[in-house]
1. Could you tell me which residue out of Ile75, Val124, Phe136 lies farthest along the dipole of the range 33-160 toward its positive end? Charges go on the beta carbon: Lys and Arg +1, Asp and Glu -1, centred on the Cα centre.
2. Relative contact order of the chain: what whole-number percent is it, with Cα pairs under 8 angstrom and at least 6 residues apart?
3. For the range 166-399, what does the relative contact order come out to in percent, with C-alpha contacts under 8 Å and a separation of six or more?
4. Any idea what angle helix 316-328 forms with the longest principal axis of the chain, computed on alpha-carbon atoms, 0 to 90 degrees, nearest 10?
5. Against the longest alpha carbon principal axis of the chain, how many degrees, from 0 to 90 and to the nearest 10, is the axis of helix 268-277 turned?
6. Taking only C-alpha pairs under 8 Å that are 6+ residues apart, what is the relative contact order of the range 324-413 in percent?
7. Charges on Cβ only, +1 for Lys and Arg, -1 for Asp and Glu, centred on the Cα centroid of the chain; of Gly200, Ala362, Val317, which one is farthest towards the dipole's positive end?
8. Give me the log10 of I(q) over I(0) for the range 33-160 at q = 0.21 Å⁻¹, as the Debye formula computes it from C-alpha points; what are the numbers?
Amino acid sequence: MDKITRRKFVTGAATVAAGGAMLPSFAYGAAGNRSPNPMKIERIEAFPVRYPTVMPFRFLEGPAGGGRPAVLVKITADDGSVGWGESVPVPRWSYETLEAATIAIEKYLSPILTGRDPFDLKGVHEVMDREIAPSFTTGMPITKAGIDIALHDLMGKVTGRNLAELWGRTTGDDLVLSWTLQTPNLEDLDPLIDEGLEQGFEHFNVKVAPDRDFDLAMVRHVKKRVPDGFLWADANGHYTLADALWAAPRLADEGVPVLEQPIPISQISGYQRLVRQQALPILVDEGMVSPGQVFEFIKLGCCDGVAMKPSRTGGLVSARQQIEMLESAGLLFLGSGLTDPDVSLAASLILYSAFGLKYPAALNGPQFLGESIITEPFRPEKGRVRVPKGPGLGVTVDEEKLKDLVKRSRSES
C-alpha cells in the first residue's frame, strides 16, 4: 500500500465532516450482508458480571469491588436467532460504570432498538446516538459497543459467516500477543518477566508514567532481559507535557518503538509538539473514540497512529472505519484492549487479524482474568492465541456458566 501524506488524506476525505464522521457503506459490512428472511429484534437482555482476576491490575481496583466488570448482551431476533456482545466499562479508563452500562442498555437502548432490523447497523447506530447523544465524542461508547458486537454476531450466525467474511476479508489462525508489565518496584519486575517468558511470551507492553526516571530504569531492564522483543510503552495519559517531551527521546534510546497516550487527550497542542519532536511514534488511546476525532487528529498532525480498541470506540463499525482512515493516511494502528474477557476479546481478535495487524496485540484479558463463560476459553500458547473461525464471533456462550457468574457477582457486590 502506498503511503499517503496527511495533506493528501485530508484533501480527499470528503466523507468525514468536521464534527464527526459520515460513515461510508464499507463500515457496515461487505455487499450482500442481508438477512435471508425479514427479521426484527425481539428482545435485548443485559447480564452484569464481575470476572475474577488472577493477578493484581490497578485499573480493575476500586471502591465498587474487585474483578473485571462487564455486561454480557444477548440480542434475540423474532425467528429465535441469537447474537452475543459484551460491554466492558471500567471507570478508571472512562466515565462508564457497570451499573450505568446496565441501566443504559435496559432502560434506554433496548426499548428503541426492539422491533428494528438487526442487519440495519447504520440505522441502529443513528438511533443509539440520538437516544444517548454525543458531547465532544460518542456518548457511552463502551456501552454501545456491546450492542454493536452482539448485532455483528447475530448477522454472522444468521448468514453462516464469520465476522471477517461479513467484511469480505479473511483471518489467520492465531495472533501474537504481548505480556503486560505493571509494577511500582523494580525488584518485582523480574518475577513478572519470568512469568511471561514461562508462558511463551516474547513481547511486552509496560505501564509507564508519572515517574519518568523509574520508567527509564524499567524499560532498560526489560530490554536487557528481552532484547529482541517488541516493547510498547503506555502512559495512560499520566505524563505532563514537559515530562513526555523529556521521556520520549530517552525511551527511544532504550529501544522503545512507540509511546502510547503520553498526555491527556484534551492537550491537542501538546500532541502536536510531541509529534513534531519526532523522537518516536506517538499513539493516542484514552478519549480517542470516534472516526471524527481520528480525522481531526490526523488533520492537525497530532498523532502517528492509534492504539485501537473496538470496545472503547463504540464497536466494530467505528473501529473498522478508523483503521481504514489510518491506513489511508499511512499511519500506524496497534491492537489493544480493555482487559477484554470472552466475547469482547473474540471481536478484537477477528478485527485485528482481518486487518492484518503487524505488531503484537496488547490483549491481556487471558493474563489477568481467571474465568470464562464461553465453551472454549481463549488460552494463549507460546505467546499466541487462536482467532475464532466459526459463524459470527466464532464462540459459544455457556449460559449456565453465565448464570452462575451473574449470581456470584450479585452476592459479592
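1. Phe136
2. Relative contact order for the chain comes out at 21 percent.
3. 22 percent
4. Once rounded, one gets 40 degrees.
5. Approximately 50 degrees, to the nearest ten.
6. Relative contact order, the range 324-413: 28 percent.
7. Val317
8. -1.14
Values in this text are rule-based calculations from the coordinates and carry no lab data. Keep in mind the model is a prediction, meaning the values are calculated, not measured. Cβ sites come from the backbone with ideal geometry, for glycine too, and all protein chains shown count toward neighbours.
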